[in-house]
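The structure appears below as structure tokens.
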Amino acid sequence: MVYPYRGIVMETRIFSNKDIEEAARILKTGGLVAFPTETVYGLGGNGLDKEAARKIYAAKGRPSDNPLILHVSKMEEVIPLVESVPEKAKLLMDSFWPGPLTLILKKSAIVPLESTGGLDTVALRCPDNALTLELIEKAGLPIAGPSANLSGSPSPTEASHVYHDLAGRIEGILDDGAVGIGVESTILDMSTERPTLLRPGAITLEDLTEVLGEKPDIDPTLLGKSMEDGFVPKAPGMKYRHYAPKAEMILFRTLEHKGAESKVRESMAKYLEEERGDSFQKKIAILCAEETKPLYQEMAEKKNIRLKILGRREDPLSMTHNLFRILRECDEEGINLILSESYPEEGVGFALMNRMKKAAGQKIILIK
Ligand code: TXA
Ligand code: MG
């Protein structure tokens, strides 16, 4: 197979738990290996090697002002990478590591600017995956790892997604099956006076508040302030159209979620009839919850619409688990219009809706 990629075509090997030694050797010698975490698969390289950082940006097709996260296997490994570890950061690491929380701290001189997109801060995380913790230990390095997708496409939640996007561009993929959480880690900036949430994830605002004893600030762009109004997200990666399927995606939302489920269905039906006309030829999918599936079944059958079940409404983690896989599935099936329910932005629902809004390019129909 020929990959349209600066002439670099390499065999991408699939590694299992028996090959960790070999995967670690590749990382130590400047190569790239994708690794599993509890959130999404990462694209790993030596976090202290600027050449490895350049290779990561090239393999992903990622703008190089978008900094990488350094993955460590334990708290002590953070010390040489930062100026200092503030007490509150220590408290958060004790409470949530290994786990889906990334902390931003002032970087030390050994972290190359190539890994941090030119910033004087560094993102650090200790992932909750036994194979990857062993890989980091064996490599004896912090592993720089953005999500292992091509820039702009949904983050990979299975090794096959990584292979689809990056085969031919990286040396290997450490396969540990499907991930659990399915959306990227929570990012909290601890390099500023007040802790600030830069990206919501499975560690919720409520979880952070409990440990910090105060609610962190929230980057205004997470609360609907847009770049057009002059607000720029502090995490550079959050400004790109991310997690996006090829299809146009539209979210339908009501002010109250409970009791308004059938209003959403009616609004979708109206949209398809009025806005697009009955003769509309697109391949359409509806994203909904297990609980609301029965509401859509008749409409789906009549109009040849695919129903994709995200998970259980009552359990947003069951939805984050499936979201990116379903968006990729829609691409594969040639879907070109996705209509989706919306969910309450509380707890993990904040992360779920953040990714869904990004996938939809902020296209939301508000139902009165
Ligand atoms: O769950 C995750 O965090 C996954 C797994 C592989 O660990 N990684 C991940 O990496 O999502 P990535 O590169 O796709 O997203 C990292 C985000 C980007 O939005 C980036 O701009 C932000 O973190 N970031 C990294 N370093 C930063 C820094 N020093 N200051 C502000 N934002 C930073
Ligand atoms: Mg990413």
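For this structure, a couple of remarks:
- Candidate set from region 162-175 (those that are within 16 Å of ligand 2 (Cβ to nearest atom) and open to solvent by 20 Å² or more (accessible area, probe 1.4 Å)); member that is nearest to residue 245 (Cα to Cα): 164
- Checking each residue in region 126-159 for being surrounded by 24 or more Cβ atoms within 10 Å (Cβ to Cβ), within 16 Å of ligand 2 (Cβ to nearest atom) and hydrophobic (A, V, I, L, M, F, W, C) picks out 143, 144, 148.
- Identity of the residue in region 39-96, hydroxyl-bearing (Ser, Thr, Tyr) and under 29 Å from residue 211 (Cβ atoms), that ends up nearest to ligand 1 (Cβ to nearest atom): 39
- Filter result (open to solvent by 10 Å² or more (accessible area, probe 1.4 Å), in contact (Cβ under 8 Å) with a residue 12 or more places away in the chain and not in a strand (DSSP E or B)) within region 245-259: 246, 255, 257
- Unmet criterion (only one of (1) within 12 Å of ligand 1 (Cβ to nearest atom); (2) among the charged types (D, E, K, R); (3) under 25 Å from residue 65 (Cβ atoms); (4) touching a residue at least 40 places away in the same chain (Cβ under 8 Å)) for residue 120: (4)
- Residue ID - surrounded by the most Cβ atoms within 10 Å (Cβ to Cβ), chosen from residues in region 216-244 that are in contact with a strand residue (DSSP E or B) (Cβ under 6 Å, 6 or more places away or on another chain) and at pLDDT 90 or above: 219
- Applying the set (1) crowded, with 21+ Cβ neighbours inside 10 Å; (2) in a loop (DSSP other than H, G, I, E, B); (3) of a type outside the set (D, E, K, R) to residue 10 leaves exactly one unmet item: (1).
- Of all the listed residues (268, 238), the sole one being hydrophobic (A, V, I, L, M, F, W, C) and under 24 Å from residue 68 (Cα atoms) is 238.
Condition check ((1) more than 15 Å from ligand 1 (Cβ to nearest atom); (2) among the β-branched types (Val, Ile, Thr); (3) assigned by TED's automatic domain parsing to the domain that holds residue 56; (4) out of contact with any Gly (no Cβ under 7 Å at 6 or more places or on another chain)) across all residues:
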| residue | (1), (2), (3), (4) |
| --- | --- |
| 154 | no, no, yes, yes |
| 162 | no, yes, yes, yes |
| 191 | no, no, yes, yes |
| 201 | no, no, yes, yes |
| 205 | yes, no, yes, yes |
| 210 | yes, no, yes, yes |
| 215 | yes, no, yes, yes |
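- Residue list for region 259-294, filter: modelled with pLDDT under 85 and over 20 Å from residue 357 (Cα atoms): 259, 274, 275, 276, 277, 278, 279, 280, 281, 282
- Picking from residues in region 114-125 that are at pLDDT 95 or above and open to solvent by 10 Å² or more (accessible area, probe 1.4 Å), the one that is nearest to ligand 2 (Cβ to nearest atom) is 123.
- For region 176-203, the tally of residues that are assigned to a loop (DSSP other than H, G, I, E, B) and either away from ligand 2 (no atom under 16 Å from the Cβ) or not hydroxyl-bearing (Ser, Thr, Tyr) (or both) stands at 19.
- Positions within region 82-113 being open to solvent by 60 Å² or more (accessible area, probe 1.4 Å) and aliphatic (A, V, I, L, M), in sequence order: 91, 109, 110, 113
- Selected residue [open to solvent by 10 Å² or more (accessible area, probe 1.4 Å), under 17 Å from the mean Cα position of the chain (by Cα) and modelled with pLDDT of 95 or more] from 79, 69: 69
- Test: residue 182 is touching a residue at least 40 places away in the same chain (Cβ under 8 Å), within 14 Å of ligand 1 (Cβ to nearest atom) and more than 24 Å from residue 82 (Cα to Cα): yes
The values are calculated or read from the model by the stated rules, or taken from the named source; none is laboratory data. Bear in mind the structure is a predicted one, so any value in this text is a computation, not a measurement. Using ideal geometry, Cβ is built from the backbone for each residue, glycine included, and neighbour counts are taken over all protein chains shown. Note: areas computed on protein heavy atoms with side chains; ligands, DNA, RNA excluded. Shrake-Rupley method; radii C 1.70, N 1.55, O 1.52, S 1.80 Å.
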